[in-house]
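See below for the structure under consideration.
The values are calculated or read from the model by the stated rules, or taken from the named source; none is laboratory data. Since the model is a prediction, treat every value here as computed from it, not as a measurement. All accessible areas refer to the heavy atoms of the entire protein, side chains included, with ligands and DNA or RNA removed. Shrake-Rupley method; radii C 1.70, N 1.55, O 1.52, S 1.80 Å.
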Amino acid sequence: MAVSNVIYFGADFAEVGRAARLRRLNLHEIYGDFKGKVVDRDEVTVEYFQSWIDWAKENNTYLDFNSSSFSHPKSGSLTLSNPNDDIRNFWIEHTKRCRDIANAMGEAQGDPCIMNLWVHDGCKDVSVNHAMYRNLLKQSLDDIFSKKQPMMKDCIEGKVFGIGLESFTVGSHDFYTAYASKYDKILTIDTGHY
């Protein structure tokens, strides 16, 4: 299991100035330098992170990356496990693009970018069909990870529950532990989700 010294910051360069002495800085996709443009999550590209890549080089810092499947009109309570094909495919495309960005970051820094994938998917009410949601999540992950990205490493992060989604969590710790073991992914354990 890989360990990374990661600190999460907002998107303000001044705010992260003190991170120059750190080895790695983790960015969420929502921290892109969009220069005032409205860019939906399934349209994001590395151009919106070039200023971060340049900043990291100037400050001798490596970048790691996270997709951002929350705080969006299409996130609701299900993203990669959503039975609605349009919504699920939106989030699959978002995550694929995040992996492309992470790979470009890794190439620019000469060290693989660690790309963490976490989704909040779950149900507030009792779900009678856990297998359906987990199968959809597995299919989404298989699709997302089908493209080899040599300069990034995939991490997957489970959780026990989410606020408002306490009854059933699709990407449980057990689900992601089994997936990581079977498909050689790094397992992230975020104590804030336990």
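Using a probe of 1.4 Å on the protein chains alone, the accessible area found for Lys74 is around 90 Å².
Backbone amide hydrogens, once placed in the peptide plane, bring Thr79 within less than 5 Å of Asp121, excluding anything fewer than 5 places away on its chain.
By the Stokes-Einstein formula, at 1.567 mPa s and 4 °C, the stretch 75-166 with its Kirkwood radius over alpha-carbon pairs has D equal to 92 µm²/s. Near the amide H of Arg24, within less than 5 Å, lie the amide hydrogens of Tyr62, all on another chain or at least 5 residues away, with H placed in the peptide plane.
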